[in-house]
Structures are given as C-alpha cells and as structure tokens.
1. Give the stretch 471-514 a look and list any residue that's outside any loop (DSSP other than H, G, I, E, B), among the aromatic types (Phe, Trp, Tyr) and closer than 16 Å to Leu453 by Cβ, or say none.
2. Between Pro363, Pro356, Pro377, which is free of Cβ contacts under 8 Å to residues at least 60 places away in the same chain and either of a type in the set (Gly, Ala, Ser) or within 20 Å of Gln428 (Cβ to Cβ) (or both)?
3. Restricting the search to the stretch 376-390, which residues are open to solvent by 20 Å² or more (accessible area, probe 1.4 Å) and under 17 Å from Gln405 (Cβ atoms)?
4. Looking only at residues that are in contact with a Gly (Cβ under 9 Å, 6 or more places away or on another chain) and open to solvent by 10 Å² or more (accessible area, probe 1.4 Å) in the stretch 118-151, which one is nearest to His320 (Cα to Cα)?
5. From Glu179, Glu244, Glu207, which residue is open to solvent by 50 Å² or more (accessible area, probe 1.4 Å), among the charged types (D, E, K, R), under 24 Å from Leu5 (Cβ atoms) and free of Cβ contacts under 8 Å to residues at least 24 places away in the same chain?
6. Of everything in the stretch 174-199, what is assigned to a helix (DSSP H, G or I), under 19 Å from Tyr221 (Cα atoms) and out of contact with any helix residue (DSSP H, G or I) (no Cβ under 7 Å at 6 or more places or on another chain)? Give them in sequence order.
7. Go through the stretch 487-520 and report how many residues are more than 12 Å from Ser540 (Cα to Cα), in contact with an Asp or Glu (Cβ under 9 Å, 6 or more places away or on another chain) and of a type in the set (Gly, Ala, Ser).
8. Can you report the number of residues in the stretch 441-456 which are out of contact with any Leu (no Cβ under 8 Å at 6 or more places or on another chain) and hydroxyl-bearing (Ser, Thr, Tyr)?
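The values are calculated or read from the model by the stated rules, or taken from the named source; none is laboratory data. Note that this is a predicted model, so its numbers are computed, not measured. Reconstructed Cβ throughout: ideal geometry from the backbone, glycine too, with neighbour counts over all protein chains shown. Remember, those area values only see protein heavy atoms, side chains included, never the ligands or the DNA or RNA. Shrake-Rupley method; radii C 1.70, N 1.55, O 1.52, S 1.80 Å.
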Amino acid sequence: MKNKLSFSEYRNKVLGGWVGKCAGGILGAPIEGYKRFNTIPFTEDLFATNFANDDLDLQVLWLDMILKKGALVREEDFHYHWSTHVEFPWCEYGIAIRNMKMGLDNPTTGTHNNWYWKNGMGSPIRSEIWGMVNPGLPEKAVFYAGIDSRLDHHGFSVTAEQYLSACASLAFFENNIKEILIKGLQYISSDSDCAKLVYKIIAWDKEFAFDIVAGKIKSYYGDADFTSAPMNIGFIILALLHTEQSFDFLIDALHLGHDSDCVVATAGALLGIVIGYDAIPEIWKKRVGNELLVSPEIANIYCPKTLTELAELTCKASTHFTNTNENVTVEGYPSGYALSFTDKSYSIYCETLKIPNPITQEPGKIILHYENHTNTPQQIEVRLIGDFFKYFVTAIQVSAKSNHQETIDIELVHLDKFNFDAVKIPYQLEITLDNKTKIHKKGFPFYGSWLLLGPFMNDDPNLVVSESKYPDHGLASLPSVKYMNHDAKKPSTVFLTTAFIQEHLNRGTLFTHPFHVQMISPKEMRMSLNDYFCGIGERSIFLYTEINSVNELTKWLALGSSSYITIWHNSVEIYKNIELIRSYPIAHTVALDLVKGKNTLLIKINSFLDNFNLEIGLKEHDGKHPHQCQWDTDLQFNAASLIESTKN
C-alpha cells in the first residue's frame, strides 16, 4: 500500500525544514568554532544578522544539479557540479577540489590525502535535500547521500549523512522525533560507529540530565578539530531528544557550542520538517525572514532568492524521484511541475585503489564502475590510453538495469628520462557503446621526488650521569639508562647545507658520504619517513627537492609535522618553529617567494617522539590566510636533474 502525501502538506514540511535550517544557521554562525559549552542570553539581537552558510549553500548546489539532470544523478554528476561550481578552499572541501584537479574520481576524492578531515561535518550538514526529494523513501535518500558524502569524506561522516537523510525522509510521515531517530537506524549498518553513537546517546539520555550527557559526549567523542562529526552528531542527537516539538529548544542546542551552526541548523531542519511551516510560531518566522543568502563561492548556478522559492524548487525537483516510485505518492503536484530529461544510457566513474608511480615503477589499480540505465543488455569496449601506461582493451557485457565493476591493472611503460613538472599523470578511458565512443579523461596524482638524507644522531652527554640514589647498574663507570635510550633532542651540529648537497650532486659524490642517502617518491602529501630507515629515537632528517617555476610568484608552503622544522629556500632560512604543535595539514605555513627557474628547498626535521610523518603541499597565495586559499596543483616538488644525479 502506498503512503500518500498531499502536495500542500509536502510543501509545508519542506518549507518548514528550510526555515529550521536557516534559524539554526543564523543562531550558530556567530559563535562557530568556540569549543565550549555556552550560556547565551536569548534576545532578538541574536537574529540581527543573516549569514550565508555552507550548510545550506551546498544543498542549493545539489538542487541545481537535480533540476538539470533528475534522479539519475550519479558520481560523475556530483563530481562535475562540485568541480565546476564550488570554490570553498577549507578543510575537506579543499582536499576534494585538489584531488579532482589531479584527475581523481569520487569516492577516491574523499579518501586520498584526507586523513585529518575525513570525519568532518561538511557532509552531514547537507543531508536534508536527499530526504526532502525522497519523502518517505529513506532507502533512496541514503543512496544519494552516500554518493554525496563520499565526494569529500569517508568513514563516519558518510554514514552520518546517510542516517540524517533517512531521518529527514521519515519525518514526512512520522511526527515523533525520538521514533524517527530510532527508525532511521534501520537504514545504516548496526555495526557502524554512527549507529553505536546514536544508541549510546539515547541510553545516556535515559539515565542522565541534559548537561551531564553533553559532558559525556565531549569527554568520549571530543576532538581538537571543532568540525569533527562524531562529537557534533552527538550534540545534534541530544538536542533533538529534547525538542518537545518547540523551536525554542534551538537556544539549548546553541549552548552546546563547538560546530554550533551545524548543530543548531541540522537539529532545526529536522524539527521543521516534522512540524511543518504552518506550525512554526510567527515570532520564529519573523526572526528568520524569507531572504536566502548563498556564499559567492557557489558560482555560476541559479540560486533561489527566498526560502519560499527554495521550497518550491525543492518540491519541483522531487517529481522525478516520487513519480516513478511504487511506495510513496505526492498527490496534487501543480501543473508545470513535471520535469523531463535527456535519456541517460549509462553512468561511469573510476575508483583508484592504487596510484601508479613512474619513478618507482609501482603499478596502479583502478575499478571501473559502469551502470546500465536501460532495459536492454549492453556490450561495451573499454580502452586505457596514456603515455605512461601499457595499452589495455577489454570487452564487457552488462545486463539490463545493472551495475558492473571491472578491475583494471595499470602497468607502466618504462621511460629513460623523467621530466614531470605537473602533479597529474593523465590517462583516458575510451568507452565504446553502439559504435559511439565516450572519452573519460582522468589522471593519477604524482608527488615528485625528494632526496632523503640521514637520519643523523648525536648523543646527549648531559644524560650520562647515573641515578645517585638508585644506581642504574651498580657500576659507577656505566652511563645512565636514560642516556642509553635517548639521544640529543635538537643537536647543534649543522650536518648538511643546501650548498653541500648541490656541490656533491654536481660531482656525483653525494652517496660516498657516511650517512644514508635515498631518493624517495611519496604516494601522497603525507610521507611516512620511517619507511626509509630503521630505528627510533631522537634524530635529524633532511629532505631536499627542487621546484621549477616559469615565473616569479608567491605560494604558501604548508606542512604538517609534530617535530621541530627548519626550512631553507634557495639556501636562505625562511621558517623555524620554536614550539611543538600537533600535526595537521597546515600546521606550519610560510610564504614561498619563488624565483623564475630552479628553486631549491631543504627541510630539516628534528624528531624526538618517534613520529616521522611529514605532510607537505603548496597553496595558492591570494593575499589571504592559507586557510582561505586553494591547494596548488600547478607546481611539483621534483627536478629531472635531481633524479638523473642520483643514478650515478
């Protein structure tokens, strides 16, 4: 039996959801990022300023995509719309854009180089659109939310967006929020971290008061990154358990702080769908208003000007999802709402399992995902073409209305000379169907080459003295146990200079010195340097590379490391940290004024906590803080002369 929803009721709930989303965004944006619980007096001044907010911006983006392409949107459609219309440089958004520019397809755009922000709130906050266009169809909402989230996340955040989208979908037919939260769990894995989190918070809430549960969430799920999804999803669930169907609860949600706009807006959106626009008190409608602001970083799409128009377009977009479904119907769509789209015979995307490297000659591996949208079987032919790869061709039979996965091994062609000045190694797949060929152009990222020199170690004579009260060995002649297990943290010895390295590279004698030298070519921005030597302890490690620039220009050099770092550019020291900080992708940043032609870069890592990871990349420099700039994909840490010299 079909679930039926009148159009007027459907539209009422959609508009209520968008008003709730904006109410939370307006309240939370001014204190976003303060990692504390708050007690804020509830006054009308809190609504004095409206803000554009990525929580809603990215859902306007997907709405535009749906209106143009319908319910058959798949990975390549999400990829195109994001890479064409999104200019947000921050966190996981910036990482995904960098991955796209280097030629990767989603979901690899959400996994590669994304260890730090993979669990961010950037995708759970855009869950509502999928529930709204799939009212009462949580399985479908979860399907689209998964494609969406995997564009720039993986792991917890993907499941969290899917869960919230299921809840939004259920809210069109279920009015009890706690029941919605419980029923939504049916559409994600019971073994997932997200499901376990929801169960845990519901259990805590039965036993403890609101503020006690909030403290437990922060204690158990708390993270230095204020956007961390587990912590903030926990706050959302807690807030929703205490709504009592009243918009006034939003101030309690605001007091939970942290990623405050996301917490309040996501909770407000679900409540808004449940009660509908008509039931929202007039005072709250007045506070929110009807104006819709969209960030300028959402570029070259049509953006609704009001929440009313946003709701109308959302309802219009839903027609392609609900009209073809056997379980739910929305009755009474206005005339002119039906959308028509060009028939789509198939969808394709490539998931990268292993990135090939022309320097180390490591092969690669991809999975071609092909979906046949037609009612007839398809015979396709796939060719892999690229300057660096061995030619590959295969014929594939795909059943009607089905998905096919084809694993393709990427074997490299050996090249005598390497001169890679770009970060992308291009390839293309030629997909031939019905004598028509579609070219799928992609690429693999390439992280160039570095010389690793060292490690260097000096002992610390200050540690020699044995414990006097409790002798270490019982023999005064032996040094202390501490001395035997430690070396100097930051030895004063110079060890190496750029001039020394260049001189011996030119002579071909660099490998004749009594220290380890190795050419390395990383697999990603983050290097595990301990892969290239044995042992642990306090040590100095040097990395040397070159950047070839066709013009004088300035870039941000961004590094992640929990060690002491010194950087020399063209033999001049440009950066040195005095205090240790925890590593994340832009933990250390310095302006890099590149000269035309060859630029040398020497980095010294003084490590003493057995953490030999170093993350490094370039960002554009637009006269803004590095956080506000996109990752650079034009320059390479690499030089042909450097590679050739190490072959001697």
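1. Phe500, Phe511
2. Result: Pro363 is the single residue among Pro363, Pro356, Pro377 that is free of Cβ contacts under 8 Å to residues at least 60 places away in the same chain and either of a type in the set (Gly, Ala, Ser) or within 20 Å of Gln428 (Cβ to Cβ) (or both).
3. Pro377, Gln379, Glu381
4. My answer is Arg150.
5. Answer to the check: Glu179.
6. Correct list: Lys196, Tyr199.
7. The total comes to 0.
8. Looking only at that region, the number is 1.
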